[in-house]
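Bear in mind these aren't lab numbers, they're just calculated from the coordinates by the rules spelled out. On a predicted model such as this, the values are computed, not experimentally measured, just so you know. Heads up, the Cβs are rebuilt from the backbone with ideal geometry, glycines too, and the neighbour counts pull from every protein chain shown.
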Amino acid sequence: MSRKEAVMTIVTFVVILFGISILYFILPLSNYSEWERRYLSDKPEVSLDGLKDGTLADETETYLADHFPLRDGFVSVYSFYETVTGRKEIGGAYLGKDRFLITKLTDDEISEKDKKASVNALSGFGTFLSEQGIAYRVMIIPSSGLSLSDKLPAGAPYYDQDAYLDTFAEKLGDAFVDTRAVLKDESDYYRTDHHWTTSGAYKAYVLFMQSLDKTPLPKDSFRCDTVSERFLGTLYAKAKPVFYKADTVTAMYLPDADVHVTADGKELPGLFEESRRNSTYDAYSYFLGGNYAELKITGAGPEDRRLLVIKDSYANCFLPFLVSEYGEIAVLDLRYFNGAVREYVTKNEIDEVLVLYGTDGFARERSIRKLER
C-alpha cells in the first residue's frame, strides 16, 4: 500500500468514526425496539465496583450495540448479504421455502429430563382433575416446522416433533386432543411469526368441542375482521430477511356476544386491543393486548359452565371461539402466575380445564410444573 493510500484509509476511518460519534448525540434515542420487540439497555452507571469487576465494560458494550446509529439499517444490510449468499438460517429462524420463516429447534435443545417432567406434570394434574369429576383436555399445537415440514430448507436439522407429541398422546390418552391431522394448510400459520393463524385456531376449536361431545359453531357464525395486512412477526424480528411478504392478521368473533374481560384484576375493553390494529410488528397482540398472569372472561354461555384455560400466547386468538360455550372462562399463564393451580381450580369451582400451548414454546417451558401444586 502506498503512503497516499494509507493516509486515505486512515482519514476515511477517522471520518466514519467521527460521524458515528456525532450521530450518537444528534439522533433521538429510544428505549424500546419495536422491530425486535424488546426494551433496549439503559445507559450504564459508572462505579468503581463496576470498573473493577468488568460489569461496566460489559454494560457499556451492550448499550453501544443497542443504540448504534442507524442500527436497523445495518442489520438489514447484513441480512441481505446472508440471504443472497445462500444462508439457511439467521438469528434462530430458518429461511424456508416459499418465503416461510420457521423456528430453528433441534433435538439437542430439548432436555429429556424436562420433557419427562412436563409429561408427568400434565398427567398428574389430569389425575387430580379426574378425582374431582372435572373434564380435562390438553392441546399441544404443532408448529409450522412439522405441519409444513416441506417448507424447511433441504437438510436443515429439526427436532422430531412427531415423536415429541406422541409422548403426550400415549401418556394422556383421551385427554390429548391431537390437531396434527387438521393443521396442514399454509393458511394455518403465519409466514413471519411463530404463531398459528385464526383460521388454524378455528380448526382446533372444532376438535376441542367434538372431544367434549359438543357441537361446534359453524364458521359462518363468526364475523371475520381484517386486523392488519402488514404484520411482520417474531421470526421476522429474529432474521430480518429481505424480500419477505407481510402477513395478514384476522380476528373471528361472535358479533352479538356480550363479554367482560379483566386482566390481573383490571378491566379491559374486551377481547381485542384496538390500538394494535394495522400494526406492523405487534398485530398479534391485537388478541387480548398481550399476556397476563390471570385473565377472566365473563362469557355469553351457560352460567353453570366454568372453564379454566392454562396457556401460552397460542391461546390468545383461540379464546374468542369459546365465549358462547361458557358463563366464565378463567385463563392462567403459568409463566407469570405463581399461585397454587389446584387450589385455584377448587376455589373457583371450575368445571372443565383446557391446557393449550404451542409445541415449540412448550418444549422449553418449565413453568408447567406449577400444575403439581
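Amide H contacts for SER228 (H built 1.01 Å from N in the peptide plane; partners 5 or more residues away or on another chain; cut-off under 5 Å): VAL249, ASN278. Quick check: from the Cα gyration tensor, does region 236-336 come out rounded (a/c under 1.5), prolate or oblate? Judged from the Cα gyration tensor, region 236-336 comes out prolate (a/c at least 1.5, a/b above b/c). Taking a ≥ b ≥ c as the square roots of the eigenvalues of the Cα gyration tensor, region 143-291 is oblate, since a/c reaches 1.5 or more and a/b is not larger than b/c. Computed over neighbours whose Cβ is under 14 Å from that of THR197, the net charge equals -3, Lys and Arg +1, Asp and Glu -1.
Pairs of C-alpha atoms in region 164-206 farther apart than 16 Å represent 44 percent of all such pairs.
Going Cα to Cα from LYS347, which lysines come in below 22 Å? Please leave out same-chain ones fewer than 8 positions away. Reachable lysines: LYS266, LYS296, LYS311, LYS370.
For ARG306, the residues whose modelled amide H falls within less than 5 Å of its own, excluding neighbours fewer than 5 places apart on the same chain, are ASP351, GLU352. Dipole check for region 173-277: with +1 at the C-beta of Lys and Arg, -1 at the C-beta of Asp and Glu, and the Cα centre as origin, the magnitude is about 520 Debye. Counted by Cβ distance under 15 Å from SER324, the other residues give a net charge of -3, where Lys and Arg count +1 and Asp and Glu count -1. Dipole magnitude for region 257-373: about 500 debye, using +1 per Lys or Arg Cβ and -1 per Asp or Glu Cβ, origin at the Cα centre. Considering only ALA154, MET139, LEU217, the residue lying farthest towards the positive end of the dipole of region 123-227 is LEU217, judged by Cα position with unit charges set on Cβ.
Here the contact order of region 274-354, divided by its residue count and restricted to Cα pairs under 8 Å and six or more residues apart, works out to 36 percent. When you count the other C-beta atoms within 10 angstrom of each residue and take the mean per peptide, 119-126, 219-226 line up highest first as 119-126, 219-226.
For region 309-373, the Cα-based Rg and Dmax, in that order, read 12.0, 33 Å.
Fully extending the segment from GLU109 to SER275 would add 56.1 nm, taking 0.36 nm per residue of separation and subtracting the current Cα-Cα distance. With coordinates expressed along the principal axes, the C-alpha atoms belonging to region 135-201 extend over 38, 27, 17 Å, beginning with the largest. Taking the Cα centre of region 273-316 as origin and assigning +1 to Lys and Arg Cβ atoms and -1 to Asp and Glu Cβ atoms, the resulting dipole is close to 60 debye. Measuring between their Cα centroids, region 182-200 and region 308-354 lie 23 Å from each other.
Near GLY361, once Lys and Arg are set to +1 and Asp and Glu to -1 for all other residues with Cβ below 12 Å from its Cβ, the sum equals 0.
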